[in-house]
Amino acid sequence: RLLTVNMFMRPPGIRSHSSDYKDERLEYFIDHVLPNYDVITLQEMFSFMTTRRQRLIRAAEELGFHYWVTSPAPPLWGLSIDGGLAILSRYPIVDMDSIRYDRGEYSDWLAAKGALYAKIALNPKTHIHIFTTHTQASYGKVTPIDAPSVQIRFRQFADLHRFMRAKTADRLPGEPVIVQGDFNVDARVHEPDQEEDLKEARSTPEYLEMLNIFRGKTPEETSFLLSEDLVYQQWRYHPVTFADVKELPDGRRIARDRILTDDQLHGSCQRLDYVFW
């Protein structure tokens, strides 16, 4: 049972409104979500100037997650905070590694964003390879594919692809490779002045280019199979994972979240989070 979650546990003092209820959300996650899964990847679970990550790990250990890895702390002279990534597992983690992307733009410049890897032993002879990442954000409803933030993401995806190839070069046939996290790529197509289709099946050019990068663009790379978007494959549409809406009995739609989402993004119905196989 796998799960990926952007925890939105930003460092103290950073919030979208008067409060984003970090402690309350953390306790809810510990009590109601952790017990239901075996391997969990987290993004925005920062440790900078807070003990929340330590609290989560202690609680997870009490619930049977005896193995975990997190983003390494950046050097003090780097003027950045940690990458906010974590992998929690009930099964032994027998190998781990991480990479740090080149610095991004906007507020992402302050975080040591990158990717985290864990090789997990389901039993002595069966392993799975888990990667998680959190890439450059765009901070808008619709971002052109030639925007600087998009081009930064493409470079990060290429770095991630090389990292995955390196860490799984000696994997046995049939060992799964899974990468999941907040990719900050909106796969959903948004038509101007039209109501959002909550079961949007079309894909944006940026999403398709992301898949191309993960599949490998050169003949020698195409044998590395990481091409299936598991959620889209199952549902045949792109579900909303950020700035969702809910429908009222009279048919009107309102923003589902007004605490964590910036006001200008309420109801923008984006899909930013993925599980790739």
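The values are calculated or read from the model by the stated rules, or taken from the named source; none is laboratory data. Worth saying up front: this structure is predicted, and the values here are computed from it rather than measured. Positions of Cβ are generated from backbone atoms using ideal geometry, with glycine treated the same way; all protein chains shown enter the neighbour counts.
Figures for the structure shown
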quantity	calculated
Qualifying residue in the stretch 85-96 (condition: under 21 Å from Phe242 (Cβ atoms) and not in a strand (DSSP E or B))	yes
Conditions (1) touching a helix residue (DSSP H, G or I) at 6+ places or on another chain (Cβ under 8 Å); (2) under 15 Å from Lys119 (Cα atoms): number failed by Thr143	(2)
Residue count, the stretch 124-153 (criterion: surrounded by 18 or more Cβ atoms within 10 Å (Cβ to Cβ) and not polar (S, T, N, Q))	10
Per-region count, the stretch 48-81, residues under 19 Å from the mean Cα position of the chain (by Cα) and either in a strand (DSSP E or B) or surrounded by 21 or more Cβ atoms within 10 Å (Cβ to Cβ) (or both)	7
Subset of the stretch 231-252 [closer than 16 Å to Asp273 by Cα and either of a type in the set (D, E, K, R) or part of a strand (DSSP E or B) (or both)]	Arg236, Phe242, Asp244
Residue selected from the stretch 254-274 under the condition surrounded by fewer than 19 Cβ atoms within 10 Å (Cβ to Cβ) and outside any loop (DSSP other than H, G, I, E, B), by the criterion farthest from the chain's Cα centre (by Cα)	Ile254
Residue pairs meeting the criteria (Cβ under 9 Å; at least 6 apart or on separate chains; first closer than 17 Å to Thr168 by Cα, in the stretch 82-95; second assigned to a loop (DSSP other than H, G, I, E, B) and at pLDDT 95 or above)	none
Qualifying residue in the stretch 104-114 (condition: in contact with a helix residue (DSSP H, G or I) (Cβ under 8 Å, 6 or more places away or on another chain), under 20 Å from Arg153 (Cβ atoms) and surrounded by fewer than 17 Cβ atoms within 10 Å (Cβ to Cβ))	yes
In the stretch 212-253, residue modelled with the lowest pLDDT [restricted to those that are aliphatic (A, V, I, L, M) and under 23 Å from the mean Cα position of the chain (by Cα)]	Leu225
Which numbered condition Pro12 misses (of (1) at pLDDT below 95; (2) part of a helix (DSSP H, G or I); (3) farther than 21 Å from Ile99 by Cβ; (4) not hydrophobic (A, V, I, L, M, F, W, C))	(2)
All positions within the stretch 120-139 that are within 18 Å of the chain's Cα centre (by Cα) and of a type outside the set (Val, Ile, Thr)	His129, Phe131, His134, Gln136, Ala137, Ser138, Tyr139
